[in-house]
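Engineer: Pasting in a structure now, in structure tokens, and then I'll have a few things to ask.
The values are calculated or read from the model by the stated rules, or taken from the named source; none is laboratory data. Remember, it's a predicted structure, so these values are computed and weren't measured experimentally. Here Cβ is always computed from backbone atoms with ideal geometry, including for glycine, and neighbour counts include all displayed protein chains. Heavy atoms of the whole protein, side chains included, go into the accessibility calculation; ligands, DNA and RNA do not. Shrake-Rupley method; radii C 1.70, N 1.55, O 1.52, S 1.80 Å.
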Amino acid sequence: MDHFAYRDGVMHAEDVALPAIAEAVGTPVYVYSTATFRRHAQVFRDALKGAGRVHLAYAIKANPNVAVLRVLADEGYGADVVSAGEMQRALAAGIPASDIVFSGVGKTRRELAQALDAGIGQFNLELEEEGEVLAALAHARRERAPAVLRVNPDVDAGTHAKISTGRKENKFGVAIDQAVAMFDRLSKHDGLDLRGVAIHIGSQLADLAPLEAAYARIGELVAELRAAGHTISRVDLGGGLGVPYKPNDVLPSPADYGAMVARATADWDVELMFEPGRVIAGNAGVLLTEVIWVKPGVVNPYVIVDAAMNDLARVAMYDAYHDFVAVAPSGERMMANIAGPVCETGDTFAMGRDIDAVKSGDLGIFRTAGAYGATMASTYNSRALVPEVLVDGDRFAVVADRIHPETILAAERVPEWLKR
């Protein structure tokens with residue numbers, strides 16, 4: 001459920017008509033609903049009530065806007081970060097350092113040191129050398145770094161190849177058959193407080209069976225580690241639960257997921273860690289855009305909008321689907337292609353799609369754009385960086401400015417030898 005709906009024939013975000021935002025801020029612009037973020041955070045938390053001790057850390061990569069993070073911090077969520085920059089955002093939003101989990105396969109030595117200085121709650125180790133370096137850094141501070149070992153269970157998540165992370169050929173985690181020996185070696189370092197294991201097999205998961213299979217392997221690993229004399233108090237189950245992008249998509253609900261987790265982990269006796277991202281943020285945002293032209297085509301006309309692949313990269317990267325609807329539909333329909341102004345054929349959001357009939361100057365939205373939207377935006381073609389707006393009831397605020405090309409240009413330098 002989201003809080004984007006038509007009232008008197010005009011699309012609203014909560015109690016704000018989208019044309020009012022377009023007039024005040026311009027287009028393209030991301031628009032987020034506070035009520036939707038809060039509802040999704042509460043629904044996911046409630047779904048896990050039967051799973052025992054639970055820690056929720058929102059995956060910042062999905063949508064790192066600091067205002068969004070503040071909303072989720074108010075809902076009791078910690079943060080899953082994959083860079084020092086994301087850690088700084090979490091801290092700036094008021095998320096306690098102890099509630100931050102540092103994931104990611106490429107943490108630098110400097111980032112490890114920064115996270116130790118901040119006092120974060122958990123490091124998810126991706127390789128043995130990383131654990132050794134972290135242990136040395138912590139030992140030099142006379143500390144013990146809280147950590148878990150991320151394991152690759154070699155389970156195919158059944159999602160897009162570019163967002164699958166749990167197969168043996170993927171870059172993430174350590175092979176599960178090497179985990180016991182590696183855990184044993186790392187646990188001997190004075191600078192590490194190795195508390196358990198972590199897993200994450202992919203994103204936009206549409207089936208719970210791969211997750212349950214992966215959890216079964218992790219349960220066996222926990223038993224092996226305990227049999228070897230290790231104390232296992234935490235298991236990080238990651239995130240990845242999918243959201244519906246198409247109108248008729250049917251995906252597992254958080255309640256379905258929570259029931260599976262409770263069943264699969266019933267005898268583990270650990271604190272379970274979760275890192276939801278898309279399932280919290282996806283349907284909480286839309287990309288508001290204006291139609292520039294309706295260009296005649298050989299088969300179907302091209303609806304050229306002012307949003308582009310640099311604003312919403314998912315379609316070009318993953319062949320992703322985003323539903324497109326008019327902000328003030330006339331009731332008429334048209335078959336059309338939808339494309340942006342960037343000089344790439346890949347800057348195409350849809351081909352041969354049945355959509356609301358639109359014309360130059362009309363407003364439209366791409367739905368389910370709250371996750372992996374603005375966070376992946378760029379300034380390709382020297383376009384402005386897209387702004388973000390947060391709605392709360394009948395009020396709204398710009399929570400990320402549009403960064404104009406002249407501002408970006410001002411940060412560049414011509415060396416002395418090229419000046420005229």
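Engineer: Quick check on the chain: helices-only [θ] at 222 nm, where DSSP H runs of length 4 and up contribute -39,500 (n - 2.57) each and the sum goes over total residues. Nearest 500, please.
Structural biologist: Mean residue ellipticity, 222 nm, calculated: -8000 deg cm²/dmol.
Engineer: Most mobile of ALA228, ALA97, ALA47 per a Gaussian network model of the chain (Cα springs, under 10 Å)?
Structural biologist: Between ALA228, ALA97, ALA47, it is ALA228 that shows the largest mean-square fluctuation.
Engineer: Considering all alpha-carbon pairs of the chain, what whole percent are spaced by more than 32 angstrom?
Structural biologist: 41
Engineer: Something else about it: Which aspartates and glutamates does LYS188 reach when only Cα atoms under 19 Å apart count, and residues fewer than 8 places away in its own chain are ignored?
Structural biologist: Filter leaves GLU126, GLU128, GLU129, GLU130, GLU132, GLU143, GLU224.
Engineer: Quick one: divide the alpha-carbon radius of gyration of segment 230-333 by 2.2 N^0.38 Å and tell me what you get.
Structural biologist: Working it through for segment 230-333, the quotient is 1.60.
Engineer: I've got another one for you. With r as the distance between the Cβ atoms of ASP15 and ALA410 and R0 = 45 Å, compute the FRET efficiency 1/(1 + (r/R0)^6) and round to 0.05.
Structural biologist: Approximately 0.75, to the nearest 0.05.
Engineer: How large is the translational diffusion coefficient of segment 257-391 in µm² per second when you combine the Kirkwood radius over alpha carbon pairs with Stokes-Einstein at 4 °C and 1.567 mPa s?
Structural biologist: Estimated via Stokes-Einstein, D reaches 78 µm²/s.
Engineer: Moving on to the next point. Using 0.36 nm per residue of separation minus the Cα-Cα distance, give me the extension gain between VAL250 and TYR380 in nm, one decimal.
Structural biologist: My answer for the length gained is 43.3 nm.
Engineer: Continuing with the same structure: Summing +1 for each Lys or Arg and -1 for each Asp or Glu, what net charge is found among the other residues whose Cβ lies under 13 Å from the Cβ of GLY191?
Structural biologist: Once all neighbours under 13 Å are counted, the net charge is -1.
Engineer: Can you compute the modelled spin-label distance between SER233 and ARG217, with each label point 7 Å from Cα toward Cβ, in nm?
Structural biologist: Taking the two extended label points, one gets 2.8 nm.
Engineer: Also, I was wondering about something else. Anyone know which of ASP401, ASP267, ASP256 comes out most mobile in the 10 Å Cα GNM of the chain?
Structural biologist: ASP267
Engineer: Another one. In the chain, what % of DSSP beta bridges are antiparallel (nearest 5)?
Structural biologist: 50
Engineer: What net charge do the residues around ALA135 carry, taking every other residue with its C-beta under 15 Å from that of ALA135, with Lys and Arg at +1 and Asp and Glu at -1?
Structural biologist: Counting the neighbours of ALA135, the net charge comes to -1.
Engineer: Roughly how much of HIS230 is accessible, in Å² to the nearest 10, using a 1.4 Å probe?
Structural biologist: 30
Engineer: Residues with beta-carbon under 11 Å from that of GLY242, excluding GLY242: net charge, scoring Lys, Arg +1 and Asp, Glu -1?
Structural biologist: Value of the local net charge: -1.
Engineer: Now for a separate question. Over its Cα atoms, what ratio of radius of gyration to 2.2 N^0.38 Å does segment 176-308 give?
Structural biologist: 1.55
Engineer: When the convex hull of the Cα atoms of segment 5-159 is projected onto a plane and the area is averaged over all directions, what value comes out in nm²?
Structural biologist: For segment 5-159, averaging the hull's shadow over all directions gives 12.8 nm².
Engineer: Then there is this: For the chain, with a Gaussian network of springs between Cα atoms less than 10 Å apart, report the residue from GLU23, GLU224, GLU290 with the top mean-square fluctuation.
Structural biologist: Ranking GLU23, GLU224, GLU290 by mean-square fluctuation puts GLU23 first.
Engineer: Now for a separate question. Can you pull the percent of the chain's accessible area that's carbon plus sulfur, 1.4 Å probe, other chains left in place?
Structural biologist: 51
Engineer: Show me 379-388, 347-356 ranked by packing, highest mean number of other Cβ atoms within 10 Å first.
Structural biologist: Output ranking for 379-388, 347-356: 379-388, 347-356.
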